[in-house]
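Please treat every number below as a calculation from the coordinates, not as lab data. Computed from a predicted structure; not experimentally measured. Every residue, glycine as well, gets a Cβ built from its backbone with ideal geometry; the counts of neighbours run over all protein chains shown.
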Amino acid sequence: MMPIQGMADAAAPPAMEATPAVTPPSDTPTPDRPPAIALLDISKRFGPTVANDHVTFVAKWGEVHALVGENGAGKSTLMSILAGLYRPDSGTVVIDGTEQRFRAPRDAISVGIGMVYQHFMLVEPFTVAENVLLGVRNSSHLINTKDIERDLTALGERYQLQVDPTAPVWQLSVGEQQRVEILRLLYLGARILVFDEPTAVLTPQESDSLLATMRSLAAEGFCVVFISHKLDEVLTVSDRITVMRRGRVSGETTPAETDRRSLARMMVGRDLAEYVEHPDVEPHPPVALGPVRLQLTDLRANGENGLPALNGVSLEVHGGEVLGIAGVAGNGQRELAEVITGLRPASGGRVAIEGKDLTNANARTVARGGVAHIPEDRLATGLVGAMDLSENAILRDYEESPIARGSFLNAGAIAAFTDLLIRKQDVKTPGRWARVRTLSGGNQQKLLLARELAGDPKVIIAVHPTRGVDVGASEAIHQSLRDQRARGAATLLISEDLDELLALSDRIAVLYEGRVTGIVPAAGADREHLGLLMAGDEAQVGAHG
Amino acid sequence: MASPTTGWKLERLPAPSQRASIIVPFVSIILALVAGGVLILAAGQNPIAVYRAMIDGALGSKSGIAETFVKTTPLLLTGLGVAVAFRMKLWNIGGEGQLYLGAIFATWAALYGFNSASGWVIVPAMVVAALVGGALWGLIPGALRAYLGVNETITTLMLNYIAIQLAEWLVHGPWKDPASFGFPGTPQFPDAAWLPNYGTTRVHLGLIFGIVAAIILWVMLRRTRWGYEISVMGESDRVAHYAGMPTKRTILLVMALSGALCGLAGMSEVAGIGHQLQRNLSPGYGYTAIIVAWVARLNPIGIIGVAFGLAVVLVGGDQLQMAMSLPAAIAPMLQGIILFFLLGGELLTRYRLVRIGSDVPVTEGAGD
Amino acid sequence: MDFLTVGFTVSLLAAAITYGTAILLACLGELVTERAGVLNLGVEGMMLMGALAGAATCLATDNVWLGSLAACGAGAAMASIHALLTVGLRANQVVSGLALTLFGAGLSAFLGQPIVGVPLPTSFQTVRIPVLSEIPVIGRIFFQQSGMVYLSYVIAIVLWFYIAKTRGGLRLRAIGERPEAADAMGINVNLLRTWYVILGGALAGLGGAAISLDTNPGWVENITAGRGWIAVALVIFAGWNPARALLGAYLFGGVEALNFKLQGVGVAVSPFFLNMLPYLFTILVLILATRQSARVRLGAPDALGIPYQREDRG
C-alpha cells in the first residue's frame, strides 16, 4: 500500500505541494477530521432554470456516498461545480476543511478532486499514457511516456484496473476506457473520486467489478461519490445516500434505514407505479403475435471507421412484439438501427419490412414503408434545435397533402398538425413557435415520438428512448411504446439499460461485436446470463447461439 | 457565509432577443464607422470630412443617387446568389467568378449567338445565357462537394481566378475588337442588346431583375417545400439525412441557382453598363456580396436594403478617389470592419451578461 | 523540348522552393491554427497585411529582417481579431475568416496606396551555405537560397518537432481533437487557442513578407494573388502534417516557377492559361486530398470549427 501511495505522489508532486489541505486519505479517519467534501448552500441557475437551489452536500473520507435523483434533479450540475467546470452563483465549496474557489477544473484537480464522467474525457487518437500525460504538470517538455507506462501498469495491478498503457484509446472497449479514466485520476493524485453514472455503459459483471473497486478505494480512505439512479447498486455499495429532487436535497439516509420504495419516493416525490419502481414486474399484457413485420437476414455493415460493425445479424420481429437489443455501447447497436432505417448502407444481407425488401433504401422510402425511428441522439439526429415545433413536426410529412399544397407549404395545415402532436403526447411548450432547443429533454422526446408515431407505423426502431428524460416523461414514453405493441406494431428496442429492456421487451437479443450472441425470453431472464452474453463469453454463446 | 465568487459570465438565451436583434446591428455599424474613422485618422485624413464626402458623393446629387442604384444592382443580384448558398451552409465565395461567367456567356449571346435578332429575342437570350454560364460555374464546385466531398470554399474561390483569366484571354485574344487600337475589350454590343435605362441615367433594367429575383426567392425560401429542405439541410446535415432529404441533388440545385443569380449580375453589368466585355468588369462585387448576404441575415428582402447601403459606401469610395484623391479601397476596408462588428455584436443577441454572486441577473443589451 | 535539360530542371526545382516558401509559411500557420481547432479563412488577408508591413518597414529601415518582423506583427494583429471574434465571442469561424480576408485586402490597398510600385532599397539576397551549397544538385536546389527560405526550413522543422514530440504539441493536438477532455485535465482551452490563432497569423504575415521582400520585392495591391487560399487548401492536402505541407508547398512553388519559366522560354500557350495553372492545380490537389483522407481517415482535427464553451452543457 505505501509504495503505491508514494509512487502516485512522486508522479504528481506539484498537485500535492499545491494542496497542503489534502491529507493522504490513507490516514485513519478520525472523528474530528473535517469532511472531504462540504458543498454548502450552493445555488446555480442556467437562464430561467434553477439547477441547484441552496443545496448542501457533505461527504466524508473513507465512504462511498451515493448521490441519487432523476434526470434533471441537479446532480450533474452539483458535481460540475465540485469539479470546477461551473462556478456556483452562490454558496461555498469546502474541501477537507479549506474553503475553495475553483475558477477552472485545474483548481479542483490540484486539491485532489477527480471526476469520472459519463462521456469519457479522453482524446481518442492518443495512447492511454499520452492521455495521462495531458494532466501532468511540470514534467519535461518532451513527450516521454516510459515512466508513466510503468507506473500505470503497477497502479492497474494494485487496483485490478488492468489496461495496456501504450494502446490508443480508440482501440479500447468502453469498460477499458473507464478504467483509463480511473487510473489517470489515481495517478494524478486524486483523493476524492466522483463517478457519474459509471455503470450505465457496463455489463452486469463489469458493474460488479467496478463497485468492488469503489469499495476498496473507500476502504483505503478515498472519498468516493457515486451518482446513479440504479437503486439496487446504490443500496449495495453506499455508506450514505443523498437524494436530490428538482434542484434541492430531498433527503439523506443510509442503506440500512431505507429501501427501494422510499428512495424512489424521495427521488420522484410521489409513489410510483409498482412496475416503475421495480421493473421486473412491469405488466406484459398478452398480445396475439401478428405476422413477421421486420425481418433481418445476415445483415452486415461497416462502422464509422470503415471496419465491419455488423457481422451477419439475423432477427425477426412480429407484430405485437417488442424485441429488446442488449449490449455494451459500440457493439453494433447504432449501426443496426441506422442500416434498418436507411441511414447507413448495408454491405450484405437483407432488410425486409412486411416481406418487402428495403435493403439500402433511402431513409424516406423506409419511413414511408411504415418504419418509425426514434434515434439515439434526438437533438442531433431527429430534431433541429434551432427550428420551432411546427418546423420539426412536419419533417416526415412536408411532402404530403394537406401539409404540402403542390410545391407550397400550407401554413394552416402545419399549425393544425403541430397542435395535434402537442396534444397527443402532452408536450409542455409555450406554443408551436417555440424553438425545440428550449424544451426539456422529455418534451423534446415526446414531440419526436408523437411525430414518428403519427402515421401508425408497422415497425418502430427505438434507440435509448428514455435516455436523459425525467421519470414522468419516461413513464409516458413507455406507455406509448406499450400502446403501440398492443396496436400490433413490431418494435425493436435498443437500450443499454437492462431494466428498461426487461420492463418492455418480450424477447431480448444480445449484440456483441456485431453478432447476436443469444436471444432469450424477457420473462424470467437471468441478468448474469445476459451479462455473459454481452461480454461475448464463448461458453454462453456456444450454449445458446 | 460570504458570497463565493463574483464576476461576469455570458449566459445563452433560449431564443435571440427581439429588441437586441434590432438595436445591436445599428450600434455595431456605428461602432464600425468609429473604428474605420480611427484608421482613416491613422492614414492622416479627417474621418468626418471623409465620411461627409462619401455621403455627399453617393446621396448628395441626382447623379450620385443614380450611380448608387447602378452599383446596387450587381450587389443585389450577387448578394441573393450568395445568400441562397449560405442558407444551406454552402460557403460559395465564387460569386465573382460566376459573375464573370455570366458576363462571358451573355457577351457571346449578344455578339455571336443572337447578334442580329431584335431586342425581344436578344435580351432574353442574354439572360438565359448568363444564367447558364453562372450556373455552370456554380455547379462545378457543387458537384465536387456533393459527390466527392471537396470543400467548396476553396474551389469556388479558385474558380474566381480562373474565370478572370478566361475573360482576360477572351478580351485580349479571340473576342478582341480589331478597332480598339490595342485596348483590350470586345466590340460594342448591338443596340438591341443594351438594357433599357431609366430616363437619362445609367440606372437600367437589371435593378428590376434584382428586385423581382429577391421577391421570388423570398417566397421560395419561406413558403415552399424546397425552401424548407434548404433550411433543414442548412441547420443540420444529420437531420436532413435522417429525414431522407435528397441532399446531393439539393446541393447541385442550390449551387446552380446561386451561380445563376451571380451570372445574371454579370449580364446586367455588360448589357446595362459597359455594353461590351472588358477587363476589370467587377470591382469585387462577388466578395462584397458575402457581406451583403450576411448583414441581411440571408433574408432576400433585407438584401435589397443592405445592397443599397453598401452601394452608398462603394460610390462614396469612388467619389473620394475623385474628390480627395484618396484610395477607393477605403470602401472594402469599411465593409470588412462593418462585418467584424456585426459578427461580434451578434453575440449580444444570443447571450446576455450575467453577474455571478448575486441572485438577480444583470441584463445587458438584451430584452425579453 | 530542349529546355528539359538537367540545368533547366535544377533551376526549376530551386525556383520551386523560392516560390513555394510564401505558401509554405502561410500553410504552416494555418496548420497550427487548425490543429488547435480553429478554422481561419483569413490567410489571404493576413498575408496581404504582412506583405505590406514588410515592404513599408523595409522602405523605412532598409532592413529586410525588421521588415519580416513587422510582417509577423501585422499578421498576428490581424489574427487576433479572428481570435477575439471566434474564440472569445464564438462567432461563426467561416464568416469571420472571410471578413478578415476582405478587410485585409481593403486595408492593405488603402494603407499601401503611397508606396505602390516604389522600389525597395534592399531585399532578400541569395546566400550560399558553405559546404552544403557545393553538394551537386541538392546544394543548388536547397542551399543557394535566401535567408527567408532558410528561416522557413527552420520553422517547418521546429513545428514538426513541436507538434509530434513535445508536451506543448500534445496539448495543441488535444484542444483541437477533444477540447472538453483537455479542459477536464486542467488545460485552458480558449487561452491556448487564442495563442495558436495569433501564432498562425504571424506565420501568414511572414509568408506575405516572403513575397514582398523576396520573390516580388515591393508592394502592389493584391500582391498575394490567392496564395493565402492555396495555403488553406494545402493544409487539407498535408493532412495537418508539417512534413507533408513542405512537399505540397514546393509542388505549388514548382507550378508557379514553371509558369514563369515557360513564359520566359516562349511556349505557344497563352499566358492567361498558364496563369490559371496554380488555381486549377489547387482544385485538383484538393480533390485528390479529399478522396485520400476519406479513404485512410487522415482526418481533420475532430473539433475543427467548433467553438468551445463550458457553460452550454447542463
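Please order B:W226, B:W175, B:W137, B:W91 by the number of other Cβ within 10 Å, starting at the fewest. Don't jump to the answer; show the numbers that get you there.
Details: B:W226 17, B:W175 20, B:W137 34, B:W91 23.
Ordered from fewest to most neighbouring Cβ atoms within 10 Å, B:W226, B:W175, B:W137, B:W91 come out as B:W226, B:W175, B:W91, B:W137.
Beyond 22 Å, the tail of the calculated P(r) for segment A:2-271 holds 55 percent of the Cα pairs.
Note on C:K261: aspartates and glutamates with a C-alpha under 18 Å away, same-chain residues under 8 apart excluded, are C:D2, C:D214.
Pairwise inverse Cα distances across chain C, averaged and inverted, put the Kirkwood hydrodynamic radius at 19.8 Å. The 3J(HN,Hα) values that the Karplus relation (6.51, -1.76, 1.60; θ = phi - 60°) gives for segment A:402-410 are, in residue order, x, 5, 9, 10, x, 7, 9, 9, 9 Hz. Gly and Pro appear as x. Summarising the amide proton neighbourhood of C:W219: residues at separation of 5 or more, or on other chains, whose placed amide H is nearer than 5 Å comprise C:G117, C:V118.
By Kyte-Doolittle mean hydropathy of at least 0.5 and Cα axial length of at least 18 Å, which whole DSSP H helices of chain C are selected?
Numbers: long enough: C:6-35 (39 Å, 1.37); C:43-61 (26 Å, 1.41); C:64-82 (27 Å, 1.29); C:93-112 (27 Å, 1.55); C:147-165 (26 Å, 1.69); C:189-210 (31 Å, 1.19); C:242-265 (34 Å, 0.70); C:271-296 (38 Å, 1.21).
Qualifying helices: C:6-35, C:43-61, C:64-82, C:93-112, C:147-165, C:189-210, C:242-265, C:271-296.
Each Lys or Arg adds one and each Asp or Glu takes one away; over the other residues whose Cβ falls under 11 Å from the Cβ of A:D107, this sums to +4. Each residue in C:M78, B:M324 was given a count of other beta-carbon atoms within 10 angstrom of its own, and listing them fewest first yields B:M324, C:M78. At 15 Å minimum axial length over the Cα atoms and a Kyte-Doolittle cut of -0.5, report the qualifying DSSP H helices in chain A, or say none. Membrane-span-like by this criterion, though nothing is claimed about a membrane: A:174-187, A:204-219, A:411-425, A:441-453. When every Cα-Cα distance of segment A:384-455 is counted in 5 angstrom steps from zero, the calculated P(r) takes the values 3, 19, 31, 25, 14, 6, 1 percent. Sequence-distant contacts, meaning Cα pairs under 8 Å at least 6 residues apart, place the relative contact order of chain B at 37 percent.
Which semi-axis lengths, in whole Å and largest first, follow from the square roots of five times the eigenvalues of the Cα gyration tensor of chain A? Intermediate results must be reported in sequence, preceding the final value.
Values: eigenvalues 356, 151, 103 Å².
Equivalent-ellipsoid dimensions as semi-axes: 42, 27, 23 Å.
Determine the distance separating the Cα centre of segment C:226-286 from the Cα centre of segment A:220-257; give it in Å without decimals. Between the Cα centres of segment C:226-286 and segment A:220-257 lies a distance of 64 Å. Both radii are taken from the alpha-carbon atoms of segment B:197-237; with Rh as the Kirkwood radius, Rg/Rh is 1.30. Only lysine pairs 8 or more places apart or on separate chains count here, and in chain A those with Cα atoms under 20 Å apart total 8.
The calculated pair-distance distribution of segment A:128-179 uses every alpha carbon pair, bins of 5 angstrom beginning at 0, and gives 4, 20, 30, 24, 14, 6, 1 percent. On the beta carbon distance between C:I135 and B:A35, with R0 = 45 Å, the FRET formula returns roughly 0.25.
Per-residue Cβ neighbour counts within 10 Å put C:F237, C:F281 in the sequence C:F281, C:F237, beginning with the fewest. Here the translational diffusion coefficient of segment A:148-283 follows from Stokes-Einstein with Rh set to the Kirkwood radius across Cα pairs; for 25 °C and 0.890 mPa s it amounts to 148 µm²/s.
Can you bin segment A:302-367 into rounded, prolate or oblate? Criterion: square roots of the alpha carbon gyration tensor eigenvalues sorted a ≥ b ≥ c, rounded for a/c under 1.5, prolate for a/b above b/c, oblate for the rest. Provide the component values of the computation, followed by the final result.
Details: a/c = 1.85, a/b = 1.18, b/c = 1.57.
Judged from the Cα gyration tensor, segment A:302-367 comes out oblate (a/c at least 1.5, b/c at or above a/b).
Look at the Cα gyration tensor of segment A:72-146: its axes a ≥ b ≥ c give a/c of at least 1.5 with a/b at or below b/c, and that counts as oblate.
Just counting partner chain Cβ atoms within 10 Å, what average do the residues of peptide B:244-250 show around their Cβ? Numbers along the way, then the final one.
Details: counts 13, 6, 2, 0, 0, 0, 0.
Per residue, the average neighbour count from other chains is 3.
The long axis of helix B:225-235 is offset from the longest Cα principal axis of chain B by roughly 50 degrees. P(r) for the protein assembly as shown, from all Cα pairs and a bin width of 20 Å, is 10, 35, 36, 16, 2, 0 %, short bins first. Pull out a ≥ b ≥ c, the square roots of the eigenvalues of the alpha-carbon gyration tensor of segment C:15-133, then state rounded if a/c is under 1.5, prolate if not and a/b is larger than b/c, and oblate in the remaining case. In terms of gyration-tensor shape, oblate.
What does the net charge come to around A:G312 if you take all other residues with beta carbon closer than 14 Å to its beta carbon, with K and R at +1 and D and E at -1? Don't skip to the answer; put the middle values down first.
Working: positive: A:R300, A:R350, A:R515; negative: A:D298, A:E335, A:E513.
Net local charge, A:G312 excluded: 0.
Taking Cα atoms only, the orientation of helix B:285-295 departs from the longest principal axis of chain B by about 30 degrees.
So, counting K/R as plus one and D/E as minus one, what does the shell of residues with Cβ under 15 Å around A:G355 add up to?
Values: positive: A:R293, A:R350, A:K356, A:K458; negative: A:E316, A:E354, A:D357.
Surrounding charge for A:G355 is +1.
Rg over Rh for segment B:74-297 works out to 1.00, using Cα positions for both radii and the Kirkwood form for Rh.
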